[in-house]
Amino acid sequence: MKAFTVMWRIIKGAYDELFLVVALSLIFWVGTLLVVTAPMTWVGVNYVANRMANYRRTGFDFFWEGARQHVMRGVWLWLLIVLAPPVMGISLNFYFSGGGWLIVPGFITLWLLVLAVLAVQYFYPLFWQQTEPSLGLIVRNGFLLVVRHPLYSLLMLLFQMLLIVLCIVLVAPILLLLPGLLILSHNYALIGLLQEMNLAPPPPEMSGT
């Protein structure tokens, strides 16, 4: 199954670029905790991971290159990802606590939340797959990928949850590996789908080069 092939690529990619994954994890924590720098940090680390998933030359220098690009678009995407879940959670509480006919929009919101949880793994990778990032296209294409490939998206999410559990159990990887592994998994997950649709080149070992 495609999802398991992609999972193996994530593990192999993380092993091959272990020091880079650690560097991305550390800069992710620092940039996120400062809050103001969080949007640029998330964009920058995903730029590096996207290059890795596309089998392009990479290195920590590309973090700075990515963080400086599309700053305002990066801020809007970060705000969407951070603010949408609590807003939808408040809406769910309102609809279900109200009872009556409000249960209908409540279930609609619940399904949208489930789709959003699956789709969010594609948002930042889609950001870097576009020449000029468009927030509307990112959200639309993210949801379309989930609707068209629900099992694949669910399996990749479960794999990411497994990574989280393992890192928590082992303690140290929470700081050193977890963010980098999750970011890598998001980007490899998207590229895996695009390769299936012939919208991205196959990995080197499959391309005959």
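Each label point was placed 7 Å from the Cα along the Cα-to-Cβ direction; for L175 and L102 their separation is 4.5 nm.
Using a/c under 1.5 as the rounded threshold, could you call the stretch 130-207 rounded, prolate or oblate? The axes a ≥ b ≥ c are square roots of the C-alpha gyration tensor eigenvalues, and prolate needs a/b larger than b/c, oblate otherwise. Prolate, since a/c reaches 1.5 and a/b exceeds b/c. If R0 equals 30 Å, the separation of the Cβ atoms of R148 and I168 corresponds to a calculated FRET efficiency of about 0.40.
Annotation note: chymotrypsin sites (Phe, Trp or Tyr not before Pro) in the stretch 44-120 located in DSSP loop regions with a Cβ neighbour count of at most 15 within 10 Å are F60. Neighbour counts of C-beta atoms inside 10 Å place H186, H70 in the sequence H70, H186, starting with the fewest. Largest first, the three principal axis extents of the alpha carbons in the stretch 55-209 are 61, 37, 33 Å in whole numbers. For the chain, a Gaussian network of Cα nodes joined below 10 Å ranks A172, A38, A14 by mean-square fluctuation, and the top entry is A172. V48 sits among other residues whose Cβ lies under 15 Å from its own Cβ, and their net charge, with Lys and Arg +1 and Asp and Glu -1, is 0. The GNM of the chain, with springs linking C-alpha atoms under 10 angstrom apart, assigns the highest mean-square fluctuation among M197, M88, M161 to M197.
Every helix of 4 or more DSSP H residues in the chain counts as -39500 (n - 2.57), and over all residues that averages to -27000 deg cm²/dmol at 222 nm.
Each peptide in 112-124, 148-160 was scored by the mean count of other Cβ atoms within 10 Å over its residues; highest first, the order is 112-124, 148-160.
Comparing mean-square fluctuations of N141, N50, N187 from a GNM of the chain with C-alpha springs under 10 Å, the top value falls on N141. Placing +1 on the Cβ of every Lys and Arg and -1 on the Cβ of every Asp and Glu, with nothing else charged, gives the chain a dipole about its Cα centre of roughly 180 debye.
Throughout, read-outs are computed from the coordinates displayed, never taken from laboratory work. Fair warning: this is a prediction, and the values are worked out from it, not measured in the lab. All Cβ positions, glycine included, derive from the backbone under ideal geometry; neighbour counts span all protein chains shown.
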